[in-house]
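Worksheet: the structure to be examined is printed underneath.
Please treat every number below as a calculation from the coordinates, not as lab data. The shown structure was predicted, so the numbers you read here are calculated from the model rather than taken from an experiment. Quick reminder, even Gly has a Cβ in these numbers, built from the backbone with ideal geometry, and neighbours come from all protein chains shown.
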Amino acid sequence: MEFEDVSEEIEWEARRVAAAFGVETFECLRGPWGLKWSGLLGTMQVTWSLRDKVVSYIELGPEGWGIELMLEPLEPFESGLTEWWFRPAKWDTPEWNELAARGLYRLGFEAEETMFEVGVILSAFSAHKKLELRLSMPREFWPQKWLDEGR
């Protein structure tokens with residue numbers, strides 16, 4: 001993973017997304033769209049990009065065929081209010097939906113609606129499973145909510 005001329009905040013967020021989805025090695029790609037990152041989770045390609053130093057797009061699977069997750073503002077001019085837009089894969093892939101839900105949970109998204117859209121209802125994750133997911137994420141990348149709960 002190479003981060004030439006990329007701010008520390010952007011580098012940190014890219015590494016946080018990689019950790020949330022279990023991607024160990026990835027590369028930063030530059031193009032007319034800006035910066036995006038791509039790596040492998042087993043044999044599945046994971047691609048993501050940032051907007052305003054925050055993850056805004058994630059794709060699991062082959063480009064154009066996999067699951068797409070896009071973070072959109074609820075209101076165009078209200079900062080801090082966002083929701084995930086979800087486009088399912090071109091074929092039925094429940095295991096990919098599960099990976100998407102796990103990654104989003106590790107990024108700190110716990111809304112029932114978000115997980116339902118991804119195809120996995122959050123309540124289907126037992127307390128044990130949530131703890132397991134939380135502990136599988138390096139603490140340096142924990143969402144602030146999790147850190148606050150520990151105080």
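Within region 5-32, find all residues whose amide N lies under 19 Å from a label point positioned 7 Å from the Cα of Met70 along Cα-to-beta-carbon.
31-32
Rank by packing, highest mean first: peptides 133-142, 24-33, 93-102, 57-66, with packing defined as the count of other Cβ atoms within 10 Å averaged across residues.
93-102, 57-66, 133-142, 24-33
How many nm separate the modelled label positions at Lys129 and Arg30, each set 7 Å beyond the Cα in the direction of the Cβ?
Spacing of the two 7 Å Cα→Cβ label points: 4.2 nm.
Starting from the 7 Å offset along Cα-to-Cβ, what nm value, one decimal, do you get for the label separation of Thr43 and Ser56?
3.4 nm
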